[in-house]
Amino acid sequence: MGTSTDGRRRILHLLAAGGLLLGLAATMTGGLASCSAAKPAEQQGSRALNQGEITRLAGMRARNFADGRVGLRGTIGPAGNQTKVDGWVDWQRQLVYVSVVGADANTALIQATPSVLAIRPGTPPSAAPTGPAPESARESAPASPPAGAGAALPAGKPSLTPPADGWRVRPLQLSSDEERPVDNLVAFLFLLAKQEADPTGPLGELRNEWVRRDTFEGTPVDVLLGPALLPQAAPSVAPSAAVPSGAAPSGAAPSGAAPSGAAPASAGVSASAASAPRTEATTVPSPTTGASAQASASPSPSPPDPKSLEAHGGAVGYWLDAKGALVRLETVLGEGLPSVLDLQRGQQQEFVRAVALGGQDIKPTAITKAEAKVLSQLRQRNLKARGGAVTVTMPVNPSALRVGRGWLDWQKRLAYLAVRDLDDESYDVLLHADRTGVAIRKTGKRVPEQPTLPVPKGKWEWIDWVALGSSGEITDLDYLVYEALSLAANVADDADHIEKHGRRLRVDVLGKVPVGVFELPSAVEANVPAGQARMRYWVDNAGVLKRLELRTATGGFAQLDLDLSEKPPTLPMKVK
């Protein structure tokens, strides 16, 4: 629980390499903001922390984790060029959810995990003052409203149930300048919680400082200057040589196999579009920073004193009350990014994870015999259902969003889609796929929302699934369409195998229809942790597929939704 040791080390390396937390120098301690504007806090002069203060600071992260979820409000950047954030951080679920207003008045909703950032640009829908969101606005909503949904939300907070559409997803990308302030904020927030208290011995050896007494919303607090990354071991003697640079973070390859078992390489619209300038790797990247790459190419600076705050991610101003609860923090998240963040410990409303990040929380359990029997007949029932209208939502690196609409005919094993890039119509294509391969037709202009009928002739680029898989150019959309086409057959699957290897992730609601959400790991996913398989299958009580979900190269999820009430038109078996 909390940030893993490997994740903490990775972020520490990034902070050190990129200077992401430039820190608050000891000479600035007198300049830390005071809540007592009318009556400035008494300046008593800074000093080293006493044992009680060290103990409170060492217990801060454990207190944060125990509280689980708190409100968050603050600013990033200098006066006149500030980004304002308002929302929550949930340390136990490893999730941040905020509304963001930039200095240019542009607005967005943001949800983030320690490795993935989801952004929904534009003015967010107004938060409902009472009650749960309507079903139409919550694709993956729980059967009951989130805790706290019945009370009015404070002004500025986003709706507890985020919109289902419009989310752009990308890996978290740390930066040492003003380019990605929210990424830096998210990475830092996840460092502020840990299941156990930090050791006081190593912390006490650092050059921490007590700055002053102050008040926060009427509560007396101590303002302490401490490290961004609390030490877990005693500081070692600084080496005479330069600090060796850490290994660059590497992405974890998707566990799902490409058609024919080939290694995946790119993600987006289709292999035939691989010549497009936007690079889209199917490997899910870890958080990265351009600064670290540049640092490795230049001479390494002399290492800081291991007892300095600089050696531990930089200095942070922590505002702690008498019980050790963090109520405000001040730091510099990058060059030109001074930040003041208030933690509203009374704001603990439970919010819903965005569909783009997987929707409702999962609780993986073994599949029962009854469920295994239903799932073993899934492809037979799909074949009988014939197919229907299809809607695809596909996040694509970097921060792009593509939407496809069309039809899937399980009996003919055909799919025909019009795929739109919401930002760049030059990526728009028509897609036709069958059991043998996939073809795309680049139009160079905006395609219609529904694919053209009759199917246009000429300019189709076709590749068979075997060649596509072995070419290393298969895309996330190819994966999704290939899997959808394969989910129809006139024979049952092995129920015993499904019971042994499959998992039920949760029960959910989709379009007012109750569904079970399952994962059925492939052979190459035998050792993948529960809940981490690449595909998720949403199955209704009749045993028919309603949604197919794919973990994409962005780190977020794509969805292929089926409306079986709209039967597919007559589609051509082949295109020319």
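Things to note:
- When residues of the range 181-210 are limited to those that are in a loop (DSSP other than H, G, I, E, B) and among the hydrophobic types (A, V, I, L, M, F, W, C), the one farthest from GLY336 (Cα to Cα): ALA197
- Looking only at the range 521-542, and only at residues there that are under 18 Å from VAL507 (Cα atoms) and among the charged types (D, E, K, R), the one that is most open to solvent (accessible area, probe 1.4 Å): ASP540
- Of all residues in the range 494-515, exactly one satisfies the criterion of being assigned to a loop (DSSP other than H, G, I, E, B) and open to solvent by less than 30 Å² (accessible area, probe 1.4 Å), namely GLY502.
- For the range 458-490, the candidate set comprises residues that are β-branched (Val, Ile, Thr) and open to solvent by 30 Å² or more (accessible area, probe 1.4 Å); within that set, the residue that is nearest to VAL403 (Cα to Cα) is ILE463.
- Among the candidates GLY346, GLY336, GLY387, residue that is touching a Pro at 6+ places or on another chain (Cβ under 8 Å) and surrounded by fewer than 16 Cβ atoms within 10 Å (Cβ to Cβ): GLY336
- On inspection, VAL419 fails the criterion of being open to solvent by 10 Å² or more (accessible area, probe 1.4 Å), within 30 Å of GLN173 (Cβ to Cβ), hydrophobic (A, V, I, L, M, F, W, C) and under 30 Å from the mean Cα position of the chain (by Cα).
Quick grid of which residues meet (1) farther than 15 Å from PRO572 by Cα; (2) assigned to a loop (DSSP other than H, G, I, E, B):
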position	(1), (2)
GLY388	yes, no
VAL438	no, no
GLN450	yes, yes
PRO456	no, yes
TRP462	no, no
VAL466	yes, no
GLY469	yes, no
ILE474	yes, yes
ALA489	yes, yes
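- Test: residue in the range 364-371 that is acidic (Asp, Glu), closer than 15 Å to TRP538 by Cα and modelled with pLDDT of 95 or more: yes
- Within the range 40-60, tally of residues that are open to solvent by 10 Å² or more (accessible area, probe 1.4 Å) and either closer than 16 Å to ARG345 by Cβ or without any contact (Cβ under 8 Å) to a residue 60 or more places away in the chain (or both): 5
- Members of the range 152-161 that are modelled with pLDDT of 90 or more and open to solvent by 10 Å² or more (accessible area, probe 1.4 Å): LYS157, SER159, LEU160, THR161
- Here LEU192 fits the description: closer than 18 Å to VAL316 by Cβ, open to solvent by less than 40 Å² (accessible area, probe 1.4 Å) and at pLDDT 95 or above.
- Here the condition is being in contact with a helix residue (DSSP H, G or I) (Cβ under 9 Å, 6 or more places away or on another chain) and either part of a loop (DSSP other than H, G, I, E, B) or surrounded by fewer than 18 Cβ atoms within 10 Å (Cβ to Cβ) (or both); of GLY404, GLY444, it holds for GLY444 alone.
- The residues of the range 543-576 that are open to solvent by 10 Å² or more (accessible area, probe 1.4 Å), of a type in the set (A, V, I, L, M) and over 24 Å from PRO456 (Cβ atoms), listed by number, are VAL544, LEU562, LEU564.
Okay, residues lined up against (1) within 30 Å of LEU520 (Cα to Cα); (2) modelled with pLDDT of 95 or more:
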position: TRP210; (1), (2): no, yes
position: PRO220; (1), (2): no, yes
position: LEU229; (1), (2): no, no
position: ALA262; (1), (2): yes, no
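- Filtered residues of the range 100-124 (kept if touching a strand residue (DSSP E or B) at 6+ places or on another chain (Cβ under 6 Å), farther than 16 Å from ASN184 by Cα and not aliphatic (A, V, I, L, M)): THR107, ARG120, PRO121, THR123, PRO124
- Total residues in the range 165-188, condition surrounded by 21 or more Cβ atoms within 10 Å (Cβ to Cβ) and either touching a His at 6+ places or on another chain (Cβ under 8 Å) or of a type outside the set (Lys, Arg) (or both): 15
- Members of the range 516-575 that are over 25 Å from LEU431 (Cβ atoms), among the charged types (D, E, K, R) and either modelled with pLDDT under 95 or not in a strand (DSSP E or B) (or both): GLU525
- Members of the range 85-105 that are closer than 17 Å to ILE119 by Cα, open to solvent by 10 Å² or more (accessible area, probe 1.4 Å), touching a Lys or Arg at 6+ places or on another chain (Cβ under 8 Å) and in contact (Cβ under 8 Å) with a residue 40 or more places away in the chain: ASP86, SER99, VAL100
- Exclusive hit being among the hydrophobic types (A, V, I, L, M, F, W, C) and in contact (Cβ under 8 Å) with a residue 40 or more places away in the chain, set ALA389, ALA370: ALA389
The values are calculated or read from the model by the stated rules, or taken from the named source; none is laboratory data. Predicted model only: the values in this text are computed from it and were never measured. Because the Cβ atoms are built from the backbone with ideal geometry, glycine has one as well, and the counts that use them run over all protein chains shown. Note: areas computed on protein heavy atoms with side chains; ligands, DNA, RNA excluded. Shrake-Rupley method; radii C 1.70, N 1.55, O 1.52, S 1.80 Å.
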